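These notes are about the structure you will find just below.
The values are calculated or read from the model by the stated rules, or taken from the named source; none is laboratory data. Predicted model, so just to flag it, every value in this text is computed and none were measured. Cβ placement follows ideal geometry from the backbone for every residue including glycine, while neighbour counts extend to all protein chains displayed. The protein model used for the area step is the full one, side chains on, heavy atoms only, and it has no ligands, DNA or RNA in it. Shrake-Rupley method; radii C 1.70, N 1.55, O 1.52, S 1.80 Å.
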Amino acid sequence: MVKKIKSFKPKQENKNERRKWSSWWLIGALVAVVLAVIAAVTVSPMNASKIASLIRSNYKSCQCPFSQDSGKYKGMIEDCCCDFESVDNVNGEVLSPLLQELVTTPFFRYFKVKLWCDCPFWPDDGMCRLRDCSVCECPENEFPEPFKKPFSHGLSADDLVCQEGKPQAAVDRTLDSRAFRGWIETDNPWTNDDETDNGEMTYVNLQLNPERYTGYVGPSARRIWDAVYSENCPKYPSGEICQEKKVLYKLISGLHSSISIHIAADYLLDESINKWGQNPELMYDRVLRYPDRVRNLYFTFLFVLRAMTKAADYLEHAEYDTGNNTEDLKTQSLVRQLLYNPKLQAACPLPFDEAKLWQGQSGPELKQQIQKQFRNISALMDCVGCEKCRLWGKLQVLGLGTALKILFSVNGQNQPSESLQLQRNEVIALVNLLNRLSESIKYVREQGPSIEKIMERQISDSSEPKYGSTWQRAGDSLFRLW
């Protein structure tokens, strides 16, 4: 018995020893794996392109549709008549490809804009650090010859649609049956610019002046959005019952989200070598981490899409004349495909129901109030101290103002004899705005879930993220993002 015990004891000790070393080896392996993961995901903002590469590789290797991963964006979009999945599908399959092609046509690539105006609210002290802030204006021999011809000035002042000061309590639902009568030159009552003052306006090729990060910094850059939200479009309280004010806030918030996405998607990662690319960290910090901002982006997209479909008959028969017959026929064909696509009509036959607004006795007064607030927001675009930022700010605000004009274009008498009248520049702005919103939604759907996963993992691995110079520049870029 004693011998058996003596012979057994050393074996037990050897076995315990092996278990101890095996445990240490396992712990070491786990530490190595954790360190490798942290090294992979915890990178500085100056290495944002590495995160983007990781996201792209994950996207290619993942065979599951992103709609399954993004569970928080399901069901009906608030205040709209479509759901998130339908919008994602119809945008990816139909709208985005058509819009991408449409905005490159000669008719839609040239935008007439008043680039330099005095700010009506404060002295302009904004400075752009980058040459990318400046706008390349078109020489007179570049933009289409028909664009140089004068417009008719439309109907008399008493007959003009949407005249300022005339209450508009009812919403016209018969606009779809009205046809194009020719381009006119008259001001949009929802926007501030004097569109008839051709002497101070210039044509810009939008394809040569993309919306991107510009390096626009300083007090002027930071206070634009402050003025928009605090003075003209305050966020509605949780108990807000005024649907119209809620709509205005969501429109501006959705537009703001889209602008932020485009800056993050085309960002100056390293100024020393002029390296451009995606900044997923900025995308997450400014938009993706706030679900309400994403939802407002979808809402704004559907609001503008509803304006396009409501004006379908007008836009179908419009003259897209640039002097190039082949291109003009192509443009008209693309417009018709966009407006009457069966997949779009099946997925979102009524993207937004404007008839529920401006109801009750206070409707006319409320419409005038919100119209005034939107005009002030439009005027704030003259305070942007960066040419390219001002260009895209003016274009997209005019596009949103055009959508408002289309959806709420009839006075309280709801007279069917009245017809919609649009400027050529308004239609150009409307289509380009819809394209920018469409691109933003596509970006959120395709890359949003991967960005969220990586950034949330990075935040959880570091209780105090260290933001470098890229984050500091990002905070002030364009109009100050948020």
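Table for the structure above
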| item | result |
| --- | --- |
| Qualifying GluC sites (Glu not before Pro) for segment 316-403 [loop in DSSP, other Cβ within 10 Å: at most 16] | GLU319 |
| Percent accessible area from carbon and sulfur atoms, segment 250-373, protein chains only, probe 1.4 Å | 45 percent |
| Surface accessible to a 1.4 Å probe, PHE84 within the full protein complex, Å² | 10 Å² |
| Heavy atoms of GLU101 accessible to a 1.4 Å probe, total area in Å² rounded to 10 | 80 Å² |
| R0 of 35 Å, Cβ-Cβ distance GLU316-ASP118: FRET efficiency to nearest 0.05 | 0.30 |
| Surface accessible to a 1.4 Å probe, per residue, for the residues of segment 237-301, Å² | 31 Å² |
| Simple label model, 7 Å out from Cα along Cβ direction - GLN243 to GLU365, nm | 2.0 nm |
| Backbone N within segment 436-455 under 16 Å of label point (7 Å from CYS81 Cα along the Cβ vector) | none |
| TYR284 - accessible surface, heavy atoms, 1.4 Å probe, Å² rounded to 10 | 20 Å² |
| Accessible solvent surface per residue of segment 85-126, calculated while the other protein chains remain in place, 1.4 angstrom probe, Å² | 40 Å² |
| Inter-site label distance for SER460 and ASP187 at 7 Å from Cα along Cβ, in nm | 5.5 nm |
| Accessible surface, segment 338-378, averaged per residue in Å² (probe 1.4 Å) | 48 Å² |
| 5 angstrom amide H check on LEU269, placed H, neighbours 5+ away | LYS275, TRP276, GLY277 |
| Point-to-point label distance, GLU446-LEU329, nm (Cα→Cβ direction, 7 Å offset) | 3.2 nm |
| Rounded to whole Hz, the Karplus (6.51, -1.76, 1.60) HN-Hα couplings of segment 107-113, x for glycine and proline | 5, 8, 8, 9, 10, 8, 8 |
